[in-house]
1. By how many degrees, 0 to 90 and rounded to 10, does the Cα axis of helix 29-41 deviate from the longest principal axis of the chain?
2. I need two numbers for the chain: Rg to one decimal and Dmax as a whole number, Cα atoms only, in Å.
3. Just how large is the dipole of the chain about the Cα centre, in debye to the nearest 20, putting +1 at every Lys and Arg Cβ and -1 at every Asp and Glu Cβ?
4. Among Leu58, Phe9, Ala21, which residue has its Cα furthest toward the positive end of the charge dipole of the chain, with +1 on Lys/Arg Cβ and -1 on Asp/Glu Cβ?
5. Among residues other than Ala19 whose Cβ falls under 11 Å from its Cβ, what is the net charge (Lys/Arg +1, Asp/Glu -1)?
6. Return one number: the angle in degrees, 0 to 90 and rounded to the nearest 10, between the long axis of the Cα atoms of helix 11-24 and the longest principal axis of the Cα atoms of the chain.
Amino acid sequence: MEAVLRIVFDPAEQEALRADARELADCEPQIAYVLERLAGEGVDLDRVTAWEDLRENLGQPPLDGSAPTPNIA
């Protein structure tokens, strides 16, 4: 059985995330929801997608300079 890799926040960090979530609840409810979930669940590192994979999925060129540069005048 494989170990689950997870970032878990300590109680003070959880409370800070929840305080920010309460502050943003009226104007940015989606961000408030994410902050509350982070506080409660942490981050499952087995489900994280690498930044380069996200860029590729969105059709963006790699950041390593290997993509052709368009001619811009």
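1. Helix 29-41 sits roughly 70 degrees off the main axis of the chain.
2. For the chain, the Cα-based Rg and Dmax read 18.1, 57 Å.
3. In total the dipole reaches around 160 debye.
4. The residue sitting farthest along the positive end of the dipole is Leu58.
5. Working: positive: Arg18, Arg22; negative: Glu13, Glu15, Asp20, Glu23, Glu36.
Net of charged neighbours comes to -3.
6. 80
Every number in this text was worked out from the coordinates using simple rules, so none of it is lab data. Quick caveat: nothing in here was measured; it's all calculated off a predicted structure. Cβ atoms come from the backbone with ideal geometry, glycine included; neighbour counts cover every protein chain shown.
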